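Some notes on the structure that comes next.
None of the figures in this text is laboratory data; all of them are computed from the coordinates on show. For clarity, every value in this text was computed on a predicted model and none was experimentally measured. Positions of Cβ are backbone-derived with ideal geometry, glycine not excepted, and every protein chain shown enters the neighbour counts.
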Amino acid sequence: DAKTTQPTSMDCAEGRAANLPCNHSTISGNEYVYWYRQIHSQGPQYIIHGLKNNETNEMASLIITEDRKSSTLILPHATLRDTAVYYCIVSHNTDKLIFGTGTRLQVFP
Amino acid sequence: GAVVSQHPSWVICKSGTSVKIECRSLDFQATTMFWYRQFPKQSLMLMATSNEGSKATYEQGVEKDKFLINHASLTLSTLTVTSAHPEDSSFYICSALPPSGGSNTDTQYFGPGTRLTVL
């Protein structure tokens with residue numbers, strides 16, 4: 001499965017949009033982009049996933065570039081409860097998710 | 001929907017004893033469950049894939065005789081850490097994969113984790 005690169009940490013003001021980037025330049029045609037987050041001392045929480053089209057759900061939006069080599073997770077109105085480590089994972093299927101180091105998002109008042 | 005529970009949420013045991021952790025899918029049947037381990041300030045590491053009715057598949061470097069996995073039903077998988085030692089202290093997390101064809105088929109759903117401390 002393709003490897004991903006994410007910034008180690010990011011800050012975001014409460015109420016503002018949080019845009020979390022992910023590079024996956026070696027992604028293959030049938031690999032999905034998954035996003036999970038992990039709040040301290042809890043299990044990961046599924047956020048969203050996509051193949052090539054942009055996706056939106058009640059939690060976030062996922063923007064995938066046309067060449068699929070990078071993507072951005074958007075939390076439209078970040079709250080303090082969105083403070084977590086966000087993982088971008090690329091995988092052929094959901095059977096095997098390999099977690100990288102993720103991005104530690106800190107939302108501040 | 002798609003809720004996964006773990007029990008216990010934390011456990012402290014003496015070195016040399018065995019500890020069993022349960023993972024349950026509460027509102028769906030899961031033919032496949034996964035076990036992860038997470039050390040402080042590190043990411044999740046997949047330990048093994050648990051398939052109902054068959055032997056688990058372990059990742060490279062994970063001792064199958066030390067980490068016993070049983071997936072006896074479609075809603076329950078157990079991880080037993082045998083002869084636990086302080087270096088086994090970690091956060092153990094399971095996940096479950098809903099069956100194909102449903103509305104939540106495209107992702108794993110994770111339990112809340114079990115914190116194991118071996119003294």
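Values for this structure:
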read-out: Separation of the A:Glu58 and A:Asp95 label points, Cα + 7 Å toward Cβ, nm; value: 3.1 nm
read-out: Residue-count net charge about B:Ala84 - beta-carbon cut-off 15 Å; Lys, Arg +1, Asp, Glu -1; value: +1
read-out: Qualifying lysines (Cα of each under 22 Å from Cα of B:Lys64; at least 8 residues distant if same chain); value: A:Lys96, B:Lys14, B:Lys20, B:Lys55
read-out: Size of electric dipole in the protein assembly as shown: Cβ of Lys, Arg +1 and of Asp, Glu -1, about Cα centre, debye, nearest 20; value: 420 debye
read-out: With eigenvalues of the C-alpha gyration tensor scaled by 5 and rooted, chain B, Å; value: 24, 14, 13
read-out: Inter-site label distance for B:His7 and B:Thr80 at 7 Å from Cα along Cβ, in nm; value: 1.8 nm
read-out: Dipole magnitude of chain A, debye to nearest 20 (Cβ charges: Lys/Arg +1, Asp/Glu -1, about Cα centre); value: 160 debye
read-out: Partnerless cysteines, meaning none of the other Cys C-beta atoms lie under 4.7 Å away, in the protein assembly as shown; value: A:Cys12, B:Cys13
read-out: Relative contact order computed over chain A (Cα-Cα under 8 Å; 6+ residues apart), in percent; value: 37 percent
read-out: Difference of contour (0.36 nm per residue) and Cα-Cα distance, A:Thr65 to A:Asn19; value: 15.2 nm
read-out: Descending semi-axes in Å of the protein assembly as shown, equivalent ellipsoid built from Cα gyration tensor; value: 30, 20, 16
read-out: Whole-number percent relative contact order across chain B, with pairs defined as alpha carbons under 8 Å at least 6 apart; value: 36 percent
read-out: Once the Cα gyration tensor of chain A is diagonalised, semi-axes √(5λ) in Å; value: 22, 14, 12
